[in-house]
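Presented below is the structure to which this report refers.
All of the numbers you see were taken from the coordinates with simple rules; none came from a lab. The structure displayed is predicted, hence computed values, not measured ones. A quick note on method: Cβ atoms are made from the backbone with ideal geometry, for glycine too, and the neighbour counts reach across all protein chains shown.
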Amino acid sequence: MSDEKASQICIVTVTGRDRVGIVARLATVMAKANINIVDINQKIMEEYFVMTMAVDIGRSEADIGQIRKRLDQVGRQMALKITIQDENIFKAMHRV
Amino acid sequence: MPISPEEVFETVKMTLHDHFDIRTVTLGINLKDCVDRDLDWLVRQAQARIVEKGQLLNHCADVLEQKYGIPITNRRIAVTPVSLLLEPLPRKPITAVKFAKALDAAAKKADIDFLGGFGAMVQKGMTAADENLIDSIPEALSETQRVCGFLNLATTAAGINMNAVVKVGHIIQDLAHKSENGIGCAKLAVFANVPEDNPFMAGAHHGIGEPDYSLNIGISGPGVVRNVVAQNPDCDLTQLSEVIKRTVFKITRAGELIGRELAGLMKIDFGIVDISLAPTTSTGDSVAEIIEAMGVGRIGVPGSTAALALLIDAVKKGGAMASGNVGGLSGTFIPISEDAGMIRAVRSGTLSLDKLEALTSVCSVGLDMFAVPGDTPPEVISAIIADELSIGVMNNKTTGVRIIPVPGAKPGGIVHFGGLLGSAPVMKVSTKFTSSKFIQRRGRFPSPILALRN
């Protein structure tokens, strides 16, 4: 129960050009911050390569702002646009 | 059902490409309990509350911006109409000006860019304190940076206070000449049927029916709506309305979520979501461009009013489904200076002041952020206001006027206000024949028969 209480699911999205090592880099960032990856999807949508990843940051020592900074750094190095948002925003917008 | 990658991408694209943001979170603060016969006491109490709550608002908004990855662009404060606070104080304009400067200083300290509420409800008549506040407006708004003023000059129930309308024509002229390019007038909006919970400046204030604190939120996504309209170039108008409704539902839900959570963090009441489509000067964030994407060659040509009516109706239906707390203005903003498409239409001659007035009959906010020559006589300004307010009164809706007479400017010229306020082509106003005799009759323009509803 205590694990459930601490859970905070966020959605990471990666858009840009597909290349080797994206998942590996992101997985490393997550593991270092004690973030569990719950789900991964990837697709070509409109002309974009889009990867979405559900992660649980509830037990991480880093807050969402710090994680975003680390992801931004990866994004700059790999020429990708990476976002992270609490999943509630998607539930609010896409579920009645 | 889990959120699909398509749904995630749709939301992410709105913020990355379509300028979707939470346009404003506006904290309403009650100052009625600070009223005193000692101005210094009133100032101290008001400033302490504004600074404390303003800093908290900024802090909590930053937290949620990080959590949801959606920019919360403006954080603002609205206070009790200031004329009420000045009731027991000496009826000298300097009193009101001093209080405006105190509000300005508090807003600056709290890092709040605009604070609204320097105004009065005078739809039926003016108290001595109301008159004093109105007399102080040219100095108060030209000598402060962050304070915004509003005046409610008319309601459907009371009619139009033409004495105040005449007075305000002179006040606006005076304010224009006290500030560079007339920019002080961008901070003054006059209304019919002003809402008490509108989060958008310059008209925001914390109405007398409000609790101690109230958090109101203005969402905005002209870019999002424009894109979805552009993606449906061939569907009929019924389908187009559906598409707009669905999109507005989504962005309203985002606003509702963030507004409620922000109010929760601040431990105050959540007020309303204002679903108005509000443009900015950024490319692609234009209401005029939505109308044009619907198939109108350029805003202002025949067809524009019908297209705008369909748009705002769809916005309201989508918004009302998404939130039980839709309020404020909840219309479509078509300010000239803040919307690239509106500027283009005025410059190319397709949009005149007359057509702009027609457009406001189907959209909530009225004649907004438009420039006229600085030598436009006060009685002509009053007549423009009377026309616009009568649309609001007779149709039982909010209308407002934010007119900027630009000293030295001629029709066809362009004046740059800078920043959020953009730039405006100076519009032609007919002054060869005027209605000064009609305006100067003064008195109270009677409330319409539709006010008798009981």
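Sort out which residues of the range B:241-279 are of a type in the set (Asp, Glu) and either part of a helix (DSSP H, G or I) or facing chain A (nearest Cβ under 10 Å) (or both), and write them in order of number. Reasoning before the result, please.
Pass one, the range B:241-279, residues of a type in the set (Asp, Glu): B:242, B:256, B:261, B:269, B:274.
Answer for the range B:241-279, where residues must be of a type in the set (Asp, Glu) and either part of a helix (DSSP H, G or I) or facing chain A (nearest Cβ under 10 Å) (or both): B:242, B:256, B:261.
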Breaking point among (1) within 28 Å of residue B:421 (Cα to Cα); (2) of a type outside the set (Phe, Trp, Tyr); (3) within 14 Å of chain A (Cβ to nearest Cβ); (4) out of contact with any His (no Cβ under 9 Å at 6 or more places or on another chain), for residue B:305: (3)
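Answer with yes or no whether residue A:55 is out of contact with any Pro (no Cβ under 6 Å at 6 or more places or on another chain), surrounded by 20 or more Cβ atoms within 10 Å (Cβ to Cβ), more than 8 Å from chain B (Cβ to nearest Cβ) and over 16 Å from residue B:13 (Cα atoms). I'd like the intermediate steps shown before the answer.
Working: out of contact with any Pro (no Cβ under 6 Å at 6 or more places or on another chain): yes; surrounded by 20 or more Cβ atoms within 10 Å (Cβ to Cβ): yes; more than 8 Å from chain B (Cβ to nearest Cβ): yes; over 16 Å from residue B:13 (Cα atoms): yes.
It is true that residue A:55 is out of contact with any Pro (no Cβ under 6 Å at 6 or more places or on another chain), surrounded by 20 or more Cβ atoms within 10 Å (Cβ to Cβ), more than 8 Å from chain B (Cβ to nearest Cβ) and over 16 Å from residue B:13 (Cα atoms).
Has the range B:35-50 got at least one residue that is within 14 Å of another protein chain (Cβ to nearest Cβ) and either out of contact with any helix residue (DSSP H, G or I) (no Cβ under 8 Å at 6 or more places or on another chain) or within 20 Å of residue B:266 (Cβ to Cβ) (or both)?
no
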Any hit, the range A:55-78, residues being more than 12 Å from the chain's Cα centre (by Cα), farther than 23 Å from residue B:70 by Cα and part of a strand (DSSP E or B): no
Residue count, the range B:68-100 (criterion: hydrophobic (A, V, I, L, M, F, W, C) and within 30 Å of residue B:258 (Cα to Cα)): 6
Near pairs, Cβ below 7 angstrom, 6+ apart or cross-chain, from the range B:321-337 (within 23 Å of residue B:288 (Cα to Cα)) to any residue that is of a type in the set (Val, Ile, Thr) and in a loop (DSSP other than H, G, I, E, B): B:329/B:365; B:329/B:398; B:330/B:275; B:331/B:365; B:333/B:365
Enumeration of residues in the range B:397-423 that are outside any strand (DSSP E or B), closer than 26 Å to residue B:440 by Cα and either free of Cβ contacts under 8 Å to residues at least 12 places away in the same chain or under 18 Å from the mean Cα position of the chain (by Cα) (or both): B:397, B:398
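Hey, can you tell me all the residues within the range B:114-133 that are in a helix (DSSP H, G or I), among the hydrophobic types (A, V, I, L, M, F, W, C) and buried (at least 17 other Cβ atoms within 10 Å of the Cβ)?
Quick first cut of the range B:114-133, residues in a helix (DSSP H, G or I) only: B:128-133.
Pick out the ones that are also among the hydrophobic types (A, V, I, L, M, F, W, C) and you get B:128-129, B:133.
The answer is B:129, B:133.
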Breaking point among (1) over 30 Å from residue B:284 (Cα atoms); (2) within 25 Å of the chain's Cα centre (by Cα); (3) among the polar types (S, T, N, Q), for residue B:74: (1)
Of all residues in the range B:68-93 being crowded, with 19+ Cβ neighbours inside 10 Å and within 14 Å of chain A (Cβ to nearest Cβ), the one that is nearest to residue B:421 (Cα to Cα): B:72
The range A:23-52, residues that are facing chain B (nearest Cβ under 8 Å) and in contact (Cβ under 8 Å) with a residue 40 or more places away in the chain: A:52
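If you go through the range B:313-343, how many residues are assigned to a helix (DSSP H, G or I) and over 14 Å from residue B:279 (Cα atoms)?
Residues of the range B:313-343 that are assigned to a helix (DSSP H, G or I), as a first pass: B:313-322, B:340-343.
Still in the list and also over 14 Å from residue B:279 (Cα atoms): B:313-322.
Matching residues across the range B:313-343 total 10.
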Output for the range B:262-289, where each listed residue is surrounded by fewer than 19 Cβ atoms within 10 Å (Cβ to Cβ) and either among the small types (Gly, Ala, Ser) or over 23 Å from the mean Cα position of the chain (by Cα) (or both): B:264, B:265, B:267, B:282, B:284
Tabulated pairs, the range B:1-17, first more than 7 Å from every other protein chain (Cβ to nearest Cβ), second assigned to a helix (DSSP H, G or I) and charged (D, E, K, R), C-beta under 9 angstrom, 6+ apart or interchain: B:10/B:250; B:14/B:250
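Tell me which residues, restricted to the range B:164-189, are under 18 Å from residue B:383 (Cα atoms) and touching a residue at least 60 places away in the same chain (Cβ under 8 Å). Step through it out loud before you land on a result.
Applying the first criterion (under 18 Å from residue B:383 (Cα atoms)) to the range B:164-189 yields B:164-176, B:185, B:188-189.
Hits for the range B:164-189 are B:165, B:166, B:168, B:169, B:170, B:172, B:173, B:176, B:185, B:188, B:189.
Let me confirm something: among B:195, B:211, which residue is over 16 Å from residue B:274 (Cβ atoms), assigned to a loop (DSSP other than H, G, I, E, B) and in contact with a strand residue (DSSP E or B) (Cβ under 9 Å, 6 or more places away or on another chain)?
Working: B:195 fails: over 16 Å from residue B:274 (Cβ atoms).
Step by step, each of B:195, B:211 is checked, and only B:211 is over 16 Å from residue B:274 (Cβ atoms), assigned to a loop (DSSP other than H, G, I, E, B) and in contact with a strand residue (DSSP E or B) (Cβ under 9 Å, 6 or more places away or on another chain).
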